[in-house]
Amino acid sequence: MRVGLFIPCYINQLYPKVGIATLELLEKLGLDVFYPTGQTCCGQPLGNSGYEEDAKGACQVFVENFKEYDYIVGPSGSCIHHIKEHFDILEQTEAVINVRKNSYELCEFIVKILGKTNIGASFPYKVGLHKSCHGLRGLKLGSCSERMDAYYSTEEELLKEVKGIELMSLTRKDECCGFGGTFSVFEEAISVKMGKDRIQDHLDNGVEVITGADHSCLMHLDGLLNRNNQPLRVMHIAEILNSCI
Amino acid sequence: MMSHAKLAEIFNKDEAKVNWHDKALWYVREKRDTAAHNVKGWEYLRDLASGIKANVLSNLDNYLVEFEKNAQSNGIEVHWASNAEEHNKIVYQILTQNNATKVVKSKSMLTEECHLNPYLESKGIEVIDTDLGERIVQLAKEPPSHIVLPAIHKTKEEIDVLFQEHLGTKPSNGDPQYLTNEARKHLRDKFLNADVAITGVNFAIAETGGFVVCTNEGNADMGVHLSKVHIASMGIEKIIPKEVHLGVFLRLLARSATGQPITTYSSHFNKPASGNVIHIVIVDNGRTEQLSREDFRSSLSCIRCGACMNTCPIYRRSGGYSYNATIPGPIGSILSPGMDMKKHSSLPFASTLCGSCSNVCPVKINIHEQLYKWRQIITKEQKQPFVKKSILKIAALVLAKPKLYAVLGISVRWMLKYAPRFMVYSKLNAWGKSREFPKVENGNFDQWYKNRKNNG
């Protein structure tokens, strides 16, 4: 199985430790992981801003980088969702079809494709799971509070196996954090208010560490936590799953 | 014309009010969840409703003709209006024919859309909205801020003051029981003296030529039964094929809207009572055009439950008026650009595309996907802010060139790390107004990976 590691642009530049944890985790699981150099971005910020057409160049770069792999795995639900959902703007060559089909968000890849939930991690903290919208409602990583389906959560399946962890229950199980890509800048007031409200929910429920499968949401929450000096920190789920404390 | 972002920013100046607004609507969303949980096969019911509406939209011409024929044979007079202006003229004509000067109206978003009240008032007609929430906003000279809960933006204390001014009530500290009783007395007088009753239509049944109006206060029945003339205004999309389909839609509507199993009144109007007249005005007003847009067609399936507003994390925190449209919230943001793209061009961007709206929608409109699609059209057809457009166009060029991207990535990281704080957190930086940037580490992932490889 040839696995191509997709490190989204903002993780590459701003959160290399999330990329490192992802790679180490996949290697721990016994996989041969390749990191194609020359990665840029999946084009999501452009598409969500209404400039999908202009994103074709970035999408092509992505397809070129990853077309040879059996699986493409990345630690960011919304980027993976963009590849699967919005690469329909490209001509649907075999390469494009394969890339769209074989792209997986990290947690889903571990649980669904590798069939594993216990990775031998330990993390003795009170953790709150932020279920990112594109992962949850887009990739269906879990059941959504709006729908009357049977309950499941891919991330929780993994977190439950982590030694010492205490998963805290939230008052609003899956409300959006307000990041929304360029929304965070162009609708700044609402974006910030939504983020503050999400953080308050975690604080009210005794959370010490907010985690999730999409670091862009966490970046937004982290920005607020740091500005307001609140006693909480964020960690990508890959960092927790890769922890042995 | 202020954008949604600007209006939302103004609404957010009073954080306590935002919190109150958010909680009031979240409470309704949770009631909806509980009500839906109590229906076995809720998701199947949504599938059915979505399918029936898709059938309606594909065969709308035939169903409308069938409806007209059956309504006429029941003795109902049917009128067709291609736009708001025609609708208003038809209504006014009916009023003149009946020498009517006093009208009571039960809640109808279509007459809001057509701006019927100001039109009739300009002709010297008194129009009284009889739904309590509608009456409150009418007294305040405001439009509804929500399609089901039109006065949800007002606290009971504000209503107390409003009623003192307009209905001569005593100060009651916002006592809901007292205020409702006073409103009832005030409205009773209006009902008794009305010449004509206007209602909306929730469902018009092609098979029978009858129609159904759903209210909680019984004000549609009260108005209709006390007047000789009933005018019902409906958009062309309100058709359902058969009466049995009500079994699907009535189960979904109130549960989605307010979490009630059913509205207190589901009033079926099939033919006029002896000596009375029923008129139906069937209105297009841009709907046929929306029907022709393949990507946005299903927006016409909407049954106006308002669930997407109650669940929308943006709507709850920006208020209905931030949308500056007759129908606010997520559904309004996919309908309004089709009516006036320039005026409503900021609305499809008033979303994080979280998808909660599509999940609660009882007829399964893919609202968030349509928001994404409107964005692609609006950036092409409407003039965009220069800075925003330039940044994104340049980003597109950089992201298509890995080497250029690598250099730029390093520069941005360098800047975030070494540039003085006042430069990074300048007025131009919307991110940094209330948020910190991430603390930049020494290398990026590319560099770490290269080093690791080199070190074997």
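We did not get these values from a lab; they are worked out from the coordinates using the rules stated. These figures come from a predicted structure and were not determined experimentally. No Cβ is skipped: glycine too gets one built from the backbone with ideal geometry, and neighbour counts run over all protein chains shown.
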Checklist entry - When the Debye formula is applied to the Cα atoms of region B:303-456, each taken as the same point scatterer, what base-10 log of I(q)/I(0) results at q = 0.16 Å⁻¹? => result -1.00
Item to check | Positive-end extreme of charge dipole, the protein assembly as shown - chosen from B:N310, A:P231, A:Y151 (charges on Cβ) | outcome: A:P231
Checklist entry - Within region A:1-18, what residues put their amide N at less than 14 Å from the label point 7 Å along the Cα-to-Cβ vector of A:I113? => result A:1-7
Checklist outcome for this item: Sorting B:V65, B:A35, B:M109 by the position of each Cα along the dipole of chain B (Lys, Arg +1; Asp, Glu -1; all at Cβ), the one nearest the positive end of that ordering is B:A35
Checklist entry - For A:M168, which sequence-distant residues (separation of 5 or more, or a different chain) have an amide H within less than 5 Å of its own amide H, given hydrogens modelled in the peptide plane? => result A:V127, A:G128, A:L129
Checklist entry - Simple spin-label model, 7 Å along Cα-to-Cβ: B:T155 to B:N193 in nm? => result 3.4
Checklist entry - So which of B:K154/B:K433; B:K373/B:K393; B:K238/B:K383; B:K105/B:K141; B:K156/B:K185; B:K13/B:K380 end up more than 25 Å apart, counting from Cα to Cα? => result B:K154/B:K433; B:K238/B:K383; B:K13/B:K380
Checklist entry - For B:V65 and B:K439 in one chain, what is 0.36 nm times their gap in residues minus the Cα-Cα distance, to one decimal in nm? => result 128.1 nm
Checklist entry - Going by how many other Cβ atoms sit within 10 Å of their own, how do B:Y315, B:Y323 line up, fewest first? => result B:Y323, B:Y315
Checklist entry - For B:E77 and B:A419 in the same chain, what is the full-extension length gain: residue separation times 0.36 nm, less their Cα-Cα distance, in nm? => result 115.8 nm
Checklist entry - For chain A, what relative contact order do you get, as a whole percent, if you take Cα pairs closer than 8 Å and at least 6 residues apart? => result 21
Item to check | Nearest-20 debye value, region B:22-154 charge dipole, Cβ charges on Lys, Arg, Asp, Glu | outcome: 420
Item to check | 0 to 90° range, to nearest 10: angle between helix B:15-37 axis and chain B longest Cα axis | outcome: 70
Next on the checklist: Along the charge dipole of region B:210-300, pointing to its positive end and built from +1/-1 on Cβ of Lys, Arg, Asp and Glu, which listed residue (B:S299, B:G247, B:I278) has its Cα farthest out?
Outcome noted: B:G247
Checklist entry - Just how large is the dipole of region A:160-245 about the Cα centre, in debye to the nearest 20, putting +1 at every Lys and Arg Cβ and -1 at every Asp and Glu Cβ? => result 100
Checklist entry - With a sphere of radius 11 Å drawn around the Cβ of B:V277, what net charge do the other residues whose Cβ falls strictly inside it have (Lys, Arg +1; Asp, Glu -1)? => result +1
Checklist entry - Averaged over peptide B:385-396, how many Cβ atoms belonging to another chain are found within 10 Å of each residue's Cβ? => result 4
Item to check | Footprinting exposure proxy for B:T155, A:T40, B:T326 (fewest neighbouring C-beta atoms within 10 Å first) | outcome: B:T155, B:T326, A:T40
Next on the checklist: Calculate the FRET efficiency for B:D47 and B:K427 from the Cβ-Cβ distance with a Förster distance of 45 Å, rounded to the nearest 0.05.
Outcome noted: 0.35
Checklist entry - Taking Rh as the Kirkwood radius, which is the inverse of the mean 1/r over Cα pairs, what is the Rg/Rh value for region B:52-168? => result 1.06
Item to check | Spatially close lysines, pair count over region A:114-245: Cα under 19 Å, gap of eight or more or interchain | outcome: 16
Item to check | Computed Kirkwood radius, in angstrom, where 1/r is averaged over Cα pairs of region B:245-323 | outcome: 15.9
Item to check | Long-range tail of P(r) for the protein assembly as shown (Cα pairs > 51 Å, %) | outcome: 18
Next on the checklist: Please list, ordered by chain and number, the residues whose modelled amide H lies under 5 Å from the amide H of A:L141; skip anything fewer than 5 residues away on the same chain.
Outcome noted: A:L136
Next on the checklist: Please compute the average number of Cβ atoms from other chains found within 10 Å of each residue's Cβ in peptide B:401-408.
Outcome noted: 4
Checklist entry - Karplus couplings for region B:276-282 from phi (6.51 cos²θ - 1.76 cosθ + 1.60, θ = phi - 60°), rounded to Hz, Gly and Pro as x? => result 9, 10, 10, 10, 10, 10, 9
Next on the checklist: Could you tell me the center-to-center distance, by alpha carbons, between region A:1-36 and region A:182-210 in angstrom?
Outcome noted: 27
Checklist entry - B:E121 to B:V39: FRET efficiency via 1/(1 + (r/R0)^6), r the Cβ-Cβ distance, R0 35 Å, to the nearest 0.05? => result 0.25
Item to check | R0 of 45 Å, Cβ-Cβ distance A:F34-A:K160: FRET efficiency to nearest 0.05 | outcome: 0.90
Next on the checklist: Compute the angle between helix B:84-97 and the longest alpha-carbon principal axis of chain B, please, reported from 0 to 90 degrees and rounded to the nearest 10.
Outcome noted: 20
Checklist entry - Long-range amide H contacts for B:G210: which residues qualify at under 5 Å (H placed 1.01 Å from N, peptide plane, sequence gap of 5 or more or a different chain)? => result B:I205
Next on the checklist: In whole Hz and in residue order, list the ³J(HN,Hα) couplings for region B:408-413 that follow from phi through the Karplus curve 6.51 cos²θ - 1.76 cosθ + 1.60, θ = phi - 60°; x for Gly and Pro.
Outcome noted: 5, x, 5, 5, 5, 5
Checklist entry - For B:Y372, B:Y44, A:Y151, what's the fewest-to-most ordering of other Cβ within 10 Å of each Cβ? => result A:Y151, B:Y44, B:Y372
Checklist entry - When DSSP assigns beta bridges and you keep just the ones with both residues in the protein assembly as shown, what percent turn out antiparallel, to the nearest 5? => result 15
Item to check | Debye, to nearest 20: dipole size of region A:72-184, +1 on Lys, Arg Cβ, -1 on Asp, Glu Cβ | outcome: 240
Item to check | Phi-based couplings in Hz for region A:113-119 (Karplus 6.51, -1.76, 1.60; Gly and Pro marked x) | outcome: 7, 7, x, 10, 10, 9, 10
